[in-house]
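Working notes for the structure below.
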Amino acid sequence: MGRRPVEPVDLDEADRRIINGLQGGFPLSERPYAEAAGALGLEESELIDRLQALLDRGVLTRFGPMYQIERMGGAFVLAALSVPEADYERVAGQVNALPEVAHNYRREHALNMWFVLAAETPAGIGRAVAAIEAATGLSVFAFPKEREYFVEMKLRA
Amino acid sequence: MPETHSRDTLAVLDEVDRRLVRATQGGLPLVPRPWDLIGEELGMTGEEVRGRLRGMLERGVIRRIGAVPNHYALGYRFNGMTVWDVDDRHVDALGAAVGALPFVTHCYRRPRRLPDWPYNLFAMVHCKTRAEVDTLVGAIAGVLGDACRGREVLFSTRILKKTGLRLND
């Protein structure tokens, strides 16, 4: 896992082609980097080196399959807390300590901590919510999705 | 599984699939024959690895295979969760229309938590400037029209954690 820059990073034209062209569709062929490189006008070794550099620089957080835990019998649930400012760091540490917390963001609102719980079973979500409430003394607002209208997280470099 | 999944057939993973998920959830090896290398670790052929990954793609267990960028590194500093209080009679049709907007990356219906939280439609937008967010929020408001009774935009100002899914061993 590379660094996680918060400022924009300089990318050359080939890096941009890789980021824009490879956010999905990585081939399941014998030499997938060779096939993907061909489509991007690169050599296999150049694509591999550039992906490694993009990961090392933190431009990419990962290169691989994106799994959908719901299709494996598990669940993702968005949840939020209203955390007193004086307790923010303590509560962030308590929430982040749970392995079920996949992402956690500070957002500017009365509900100022928003996180995604991922568990292999729906019961695991309930246990994680209970653990967070017990550790923090705060009430968790859970926002399970009722309908998914669209998901496709692709960003242009 | 609960009835909420009735629209989808639940994909059953066997123990070999689960080992493959664990072996690849952190990323693929950057070598010319990655499937063979993964297969060596798991005691199967590269051909079998490819077949199982193809099966998981077809069943929707894998959404896609590729690069996951860091928004901030690409200059997307304004990551807004836009939330809307939309008339329940129209929310599904309008949610589909908002989800179809090219700049919306995620769009869901979620329960209200009254009285604190009146919003039932969530749409994420990722922008390089604050002004661009305002433009996109205006476009979403245009789609929702009179069916929308209120809205807010919650910007993320700090990533506290971002590891993604991790299956336990």
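The values are calculated or read from the model by the stated rules, or taken from the named source; none is laboratory data. Everything numeric in this text was worked out from a predicted model, so none of it was measured. A quick note on method: Cβ atoms are made from the backbone with ideal geometry, for glycine too, and the neighbour counts reach across all protein chains shown. Quick note on the areas: whole protein, heavy atoms, side chains included, nothing else; ligands and nucleic acids left out. Shrake-Rupley method; radii C 1.70, N 1.55, O 1.52, S 1.80 Å.
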Among the numbered conditions (1) open to solvent by 30 Å² or more (accessible area, probe 1.4 Å); (2) farther than 14 Å from residue B:161 by Cα; (3) at the interface with chain B (Cβ under 7 Å from one of its Cβ atoms), tell me where residue A:105 comes up short.
-> (2)
Check every one of the strands (runs of 3 or more DSSP E) wholly within the stretch A:111-151 and list those with 1 or more residues that are touching a His at 6+ places or on another chain (Cβ under 9 Å) and under 29 Å from residue B:14 (Cβ atoms).
-> A:113-119, A:147-151
Enumeration of residues in the stretch B:47-67 that are open to solvent by 10 Å² or more (accessible area, probe 1.4 Å) and either more than 9 Å from chain A (Cβ to nearest Cβ) or not acidic (Asp, Glu) (or both) | B:48, B:50, B:51, B:52, B:54, B:55, B:57, B:58, B:59, B:60, B:63, B:64
Residue A:74 fails exactly one of (1) open to solvent by less than 40 Å² (accessible area, probe 1.4 Å); (2) over 30 Å from residue A:144 (Cβ atoms); (3) in contact (Cβ under 8 Å) with a residue 12 or more places away in the chain, namely (2)
Failed item, numbered, when residue B:81 is tested on (1) in contact (Cβ under 8 Å) with a residue 12 or more places away in the chain; (2) more than 18 Å from residue A:31 (Cα to Cα); (3) open to solvent by less than 20 Å² (accessible area, probe 1.4 Å); (4) not in a strand (DSSP E or B) | (4)
So which pairs qualify, if the first residue must be in the stretch B:31-53 and of a type in the set (S, T, N, Q), the second must be in a helix (DSSP H, G or I), the Cβ gap must be under 6 Å, and the two must be at least 6 apart or on different chains?
-> B:45/B:39
Here are A:37, A:97, A:79: which of them is assigned by TED's automatic domain parsing to the domain that holds residue A:122 and open to solvent by less than 20 Å² (accessible area, probe 1.4 Å)?
-> A:79
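Could you please let me know if residue B:149 is facing another protein chain (nearest Cβ under 9 Å) and among the charged types (D, E, K, R)? Reasoning before the result, please.
Working: facing another protein chain (nearest Cβ under 9 Å): no; among the charged types (D, E, K, R): yes.
Here the answer is no, as residue B:149 does not meet what is asked.
Mind listing just one residue for me: the one in the stretch B:1-22 that is of a type in the set (Ser, Thr, Tyr) and loosely packed, with under 14 Cβ neighbours inside 10 Å and, of those, modelled with the highest pLDDT? Give the steps one after another, and end with the answer.
Here is the first cut: in the stretch B:1-22, the residues of a type in the set (Ser, Thr, Tyr) are B:4, B:6, B:9.
Keeping just the survivors that are loosely packed, with under 14 Cβ neighbours inside 10 Å gives B:6, B:9.
Values: B:6: 35, B:9: 49.
Among those residues, the one meeting the criterion is B:9.
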Out of (1) over 30 Å from residue B:15 (Cβ atoms); (2) open to solvent by 20 Å² or more (accessible area, probe 1.4 Å), the one residue A:25 does not meet is (1)
If a residue has to be within 25 Å of residue A:77 (Cβ to Cβ) and over 22 Å from the mean Cα position of the chain (by Cα) to count, how many in the stretch B:118-143 make the cut?
-> 1
Considering (1) in contact with a Leu (Cβ under 6 Å, 6 or more places away or on another chain); (2) closer than 18 Å to residue B:74 by Cβ; (3) more than 12 Å from chain A (Cβ to nearest Cβ), say which one residue B:125 fails and leave the rest.
-> (3)
Any helices (runs of 4 or more DSSP H) falling wholly within the stretch B:6-69 and containing at least 3 residues that are of a type in the set (Asp, Glu) | B:34-42, B:46-58
Would you mention how many residues in the stretch A:39-63 are more than 17 Å from residue A:16 (Cβ to Cβ), acidic (Asp, Glu), more than 7 Å from every other protein chain (Cβ to nearest Cβ) and assigned to a helix (DSSP H, G or I)?
-> 1
